[in-house]
1. Could you name the lysines whose alpha carbon sits less than 16 Å from that of K333, not counting residues in the same chain fewer than 8 places away?
2. When only C-alpha pairs under 8 Å and at least 6 residues apart count, what is the relative contact order of the stretch 112-194, in percent?
3. To the nearest µm²/s, what D does Stokes-Einstein give for the stretch 264-407 at 20 °C and 1.002 mPa s, using the Kirkwood radius over alpha carbon pairs as Rh?
4. Can you list the HN-Hα couplings for the stretch 136-142, worked out from phi with the Karplus curve (6.51, -1.76, 1.60; θ = phi - 60°), rounded to whole Hz and with x for Gly and Pro?
5. Tabulate in residue order the Karplus-calculated ³J(HN,Hα) for the stretch 374-383, using 6.51 cos²θ - 1.76 cosθ + 1.60 with θ = phi - 60°, rounded to whole Hz; enter x for Gly and Pro.
6. Which residue, L111, V270, L153, has the largest displacement toward the positive end of the dipole of the chain when charges sit on each Cβ (Lys, Arg +1; Asp, Glu -1)?
7. Of N376, L351, V400, which is farthest on the positive side of the dipole of the stretch 344-439, counting Cα position, with +1 on Lys and Arg Cβ, -1 on Asp and Glu Cβ, and the Cα centre as origin?
8. How would you rank S169, S266, going from fewest to most other Cβ atoms within 10 Å of each one's own Cβ?
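Values in this text are rule-based calculations from the coordinates and carry no lab data. None of these values were measured; they are calculated from a predicted model. Using ideal geometry, Cβ is built from the backbone for each residue, glycine included, and neighbour counts are taken over all protein chains shown.
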Amino acid sequence: MKIAIIGGGISGLTTAFYIKWQNPSLHVDVYEEGSFLGGKMRTEEVDGFYFENGTNGFLSNKPDTLDLVKDCKAQHLLLKSNDLARIRFIYKDTLHQLPESPKAFLKTKLLSFKGKVRVLLEPFVRAKKDDSDETLQDFGYRRVGREMTDVFLDAMVAGIYGSTPSKISVNAAFPLVVNLEREYGGLFTGMIKKRKKSAGPGGILMSFKKGVSSFIDHLASNCGANIFLSSPVENIQKDGLKYTLTCKNEKKVYDKVILSTPSFVSAKLVSSFDEKLAKKLDAIAYTPISVVGFGFDELDHDLKGFGLLTTSSAKLGILGILWDSSIFEDRAKQGKKSLRIMIGGQRNKDLALKSDDELIQIAKQGIKDTMNINANPSAVFVKRYEKGIPSYELGHQKRVKEIFEELKKHEGLHLNSNAYNGVALNDCVKNSRQCAFEVLDF
């Protein structure tokens, strides 16, 4: 059996690894249109500073990525985050530390007294009776009140999805939160009962030495597949139960094909034999976002913490700032410090697509406004994504269900990327392993 995987990001590589892990005799080819593997999971070194293009790691409270690390024998690459990474901040009107305890919550100035009382009344709010989809904003207003939603949830969703509470489906983006209400009748009640059932830590942020690219390189070297870089697949033709791929004017026939590409790319590839599926794939929206990295040889700021997120009400040009050298010790050389600033998202789509010089100026203004930093960086990194993060908008789950129903018409064709069921690294790894087992009919 010959298998083709289109897309050499974490989803494609993980799928390839688990297919070959289960059956080493199978022929697996991975096609990547770019000159490097990993997709947005990529680290770039600039003058001794390590900047991530996208994600910087994963939480250890789910087993998926840790299992993959163990299975491909990459434990030596693991890097635990600094204990200071648990300290986080929100910028509203000034910088506020995110409360870590009930006592700290009662003292925080992020919410008014009335806003805090409304949050504390959450256990008395009646549970939603139907399973209809709703935005995070509607969910938040209903369960914890307007203030909590407009501050805490607004900042949180900006950090994870680059979105806003009014533009994202809580059912698709935060299914575990929705399940707390469905199963236990409320969030606080559910969290207390789940904690009693499973008294464990909330997870530690983990990454890899010298950045996530070190793991991508290791995984690629140990997945056992044939990898073709700078090899865009231009067309897929379906002939019965076989699929013919065209790459660089060469045609190859495969028994099974896995599309580990963004949904809009997958849409183009299936359009020749299923226009209905292509339209549904193309309907999944993406959020534009840019990342600006600054490295400082000297910086008069202790950077004790994970970083900060801003609220929409702050009306700033940035979504947040990651204090990279504080989170992972090897992202900057000893005595030096580094930051990554997120710009754009659903709040300010146009800002994400500005020129490099404009993005650098927005980032400089952002660190000045939020952290009172005026120093000029010695190293600068800029990465821009016109279509960066899948936007799980209202109706996303229904759309994904329809996509996978339509997919059943095409035996041997599989879809696997962060466009469907989770954007976090753990989600991508979990879905990729599941995809591999489906390909092998386990």
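1. Leaving aside lysines fewer than 8 places away in the same chain, those within reach of K333 are K209, K210.
2. 36 percent
3. 125 µm²/s
4. Calculated HN-Hα couplings, in order: 4, 5, 4, 4, x, 4, 6 Hz.
5. 10, 5, 8, x, 8, 9, 10, 9, 9, 9
6. L111
7. Of N376, L351, V400, it is N376.
8. Arranged by neighbour count, lowest to highest, S169, S266 become S169, S266.
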